[in-house]
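Take a look at the structure below.
The values are calculated or read from the model by the stated rules, or taken from the named source; none is laboratory data. Just so you know, these numbers come straight off a predicted model, no measurement behind them. Here the Cβ positions follow ideal geometry from the backbone for every residue, glycine too, while neighbour counts run over all protein chains shown. Surface areas here come from the heavy atoms of the whole protein model, side chains and all, with no ligands, DNA or RNA. Shrake-Rupley method; radii C 1.70, N 1.55, O 1.52, S 1.80 Å.
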Amino acid sequence: MKKWIWLALLSCGAVQADMLDALKAYEQKNYIDAQQQFAELLPLGNELAAFNLGVMAYQAEGQPQDLTKALTYFMLAADLRHEQAKNLLARLAAQASEQQLELANQEFERLKQRVAIVATDLTKSRNANAPEPIRRVHPDYPIEAARQGQFGYVALRFLVDEQGEVTAVDTMDAYPKKVFEKSSIQALKRWRFEPSGQKHLMNVRLDYSFDGGVKLSAVENMMEQHKLWEYAALGAPEYQLALGTLLSLIEIQSPNSFWYDPDMPLAATPDFSIYTKHAVLRPDFDGFWGRAIVRVAEDGTITEQIKADFEPGSELTSLVGLKLKGKVETDVYRVARSSTDGARRVYVTPSIQTSRAMSGMFWWEQAAKNGNLDAQRVMAAYDAQWENYLLSQQDAEVMAWTGTRLIINGQREQGMALLEQAIAKNYQPAKEMKKQFM
């Protein structure tokens, strides 16, 4: 059964520096340290930590054999979607008495209460009802970065005041670090938005590349040179963070859209073929407003509406039976035309089905679950669970931006209290934010 831990490590990639230390302690039979470090990762929803604790309880490592405890941890691991835990749980349950199963279920329910991160929800935008920019200033490409042919991006969050001016800016994520951040912040501070009479908390991403996009060959070379995939799969959270950032950069600049299928096995090696550019399709119909994912026949006829969200002003309420013009090179496409984006035409992009392991967000989440603070802050910008977790850890950066949002939403007392705490922790942007509400 000992090999389960290593098999899970190689197939799941859900470990961190502490986890690697725990596995080292485990191999050295220092079971107390290993158990403690596994347990510290449980509040982050770390399915591998739960799985490993179950293994240790079953194998009587550092403790007497305890089938009830093993069942409890395997129940949690299965609940957190560990790929092997469900089958192993069934095997162990067959060995247990009714009393052991009942106790395990009771302990499982108590253990679940310790888990702060259950499932990440990335479907809701935090830029809802945001004003449109009326002036965008392109950032200057840093001279040294241009000379070296460096590419990358910077994700920023910022506060817009009632007059549409950007008053506070901070970076959420950047790749590579300390190259494009200064130029991005300088440019964003010169943006102007439509005056709305109220403040808005927003985020944006600025990309840096040559010749219209990132060269995949350069990305492949970089990944191979630094062994990003290998070390991320082995569990190093800093590599998981870097891999997530790199994959996110490729995705945002790809002409394709992607469907990261949760039912597909995690890819063992990167699949760069998904970024291959396909022929452009055009709609052979008018009157569509909204977003849809459709299945298309070889002649371009839409045969299935997999998912659709029609805007109130859309003249069409179904796309089935309509046609897309051009050479069909895949069977699923994303069709979009949004009034909030001011789109003048319908955009049709291939929707490529692929493994979650090709998603930058997947690796960010792994790094976050494994204790990497930078990754947790990135996730907090997308998901309230991570935001609440970092608030419980009194993270100054998240305190400041959450406080700002609370004030905007009318919860002034709570928001100002968070800003004051962030200032006390010397988070400099918090001072600028507070000035906007005095």
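Tell me, which residue of the range 170-203 that is in a strand (DSSP E or B) and either modelled with pLDDT of 90 or more or not hydrophobic (A, V, I, L, M, F, W, C) (or both) is farthest from the chain's Cα centre (by Cα)?
Among those residues, the one meeting the criterion is 192.
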Collect the residues in the range 382-429 that are modelled with pLDDT of 90 or more, touching a strand residue (DSSP E or B) at 6+ places or on another chain (Cβ under 9 Å) and among the aliphatic types (A, V, I, L, M), keeping them in residue-number order. 400
Failed condition for residue 378, given (1) out of contact with any helix residue (DSSP H, G or I) (no Cβ under 6 Å at 6 or more places or on another chain); (2) touching a residue at least 60 places away in the same chain (Cβ under 8 Å): (1)
For the range 42-58, state whether one or more residues are farther than 30 Å from residue 264 by Cβ and surrounded by fewer than 17 Cβ atoms within 10 Å (Cβ to Cβ). no
Among the residues of the range 365-375, which ones are more than 9 Å from the chain's Cα centre (by Cα) and open to solvent by 10 Å² or more (accessible area, probe 1.4 Å)? 369, 371, 372, 373, 374
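If you take the residues in the range 32-41 that are in a helix (DSSP H, G or I) and open to solvent by less than 40 Å² (accessible area, probe 1.4 Å), which one is farthest from residue 76 (Cα to Cα)?
So the residue we want is 34.
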Step by step: first the residues of the range 97-116, then only those that are outside any helix (DSSP H, G or I) and open to solvent by less than 70 Å² (accessible area, probe 1.4 Å), then the one that is nearest to residue 49 (Cα to Cα). Which residue is that? 115
Return only the number of the condition from (1) within 30 Å of residue 384 (Cβ to Cβ); (2) touching an Asp or Glu at 6+ places or on another chain (Cβ under 8 Å) that residue 347 does not satisfy. (2)
Out of the range 396-417, which residues are open to solvent by 50 Å² or more (accessible area, probe 1.4 Å) and either touching a residue at least 12 places away in the same chain (Cβ under 8 Å) or within 21 Å of residue 238 (Cβ to Cβ) (or both)? 405, 408, 412
Given the conditions (1) modelled with pLDDT of 95 or more; (2) within 23 Å of residue 116 (Cα to Cα), report the number of the one that residue 40 does not fulfil. (1)
Selection within the range 381-395 - without any contact (Cβ under 8 Å) to a residue 60 or more places away in the chain and buried (at least 16 other Cβ atoms within 10 Å of the Cβ): 387, 390, 391, 395
Of all residues in the range 324-356 being touching a residue at least 40 places away in the same chain (Cβ under 8 Å), basic (Lys, Arg) and open to solvent by 50 Å² or more (accessible area, probe 1.4 Å), the one that is nearest to residue 285 (Cα to Cα): 325
Filter result (polar (S, T, N, Q), more than 27 Å from the chain's Cα centre (by Cα) and assigned to a helix (DSSP H, G or I)) within the range 400-420: 414
From the list 331, 374, which one is acidic (Asp, Glu), closer than 16 Å to residue 245 by Cα and in contact with a strand residue (DSSP E or B) (Cβ under 9 Å, 6 or more places away or on another chain)? 374
Regarding residue 211, is this residue at pLDDT below 80 and crowded, with 21+ Cβ neighbours inside 10 Å? no
I'm checking my understanding of the structure. Among residues of the range 218-228 that are open to solvent by 70 Å² or more (accessible area, probe 1.4 Å) and modelled with pLDDT under 85, which one is farthest from residue 268 (Cα to Cα)? 221
One residue from 260, 231 being free of Cβ contacts under 8 Å to residues at least 12 places away in the same chain and either outside any helix (DSSP H, G or I) or open to solvent by 70 Å² or more (accessible area, probe 1.4 Å) (or both): 231
Within the range 151-170, residues surrounded by fewer than 18 Cβ atoms within 10 Å (Cβ to Cβ) and touching a helix residue (DSSP H, G or I) at 6+ places or on another chain (Cβ under 9 Å) come out as 167
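Looking at the range 290-337, which of its residues are in a strand (DSSP E or B) and of a type in the set (S, T, N, Q)?
301, 303, 305
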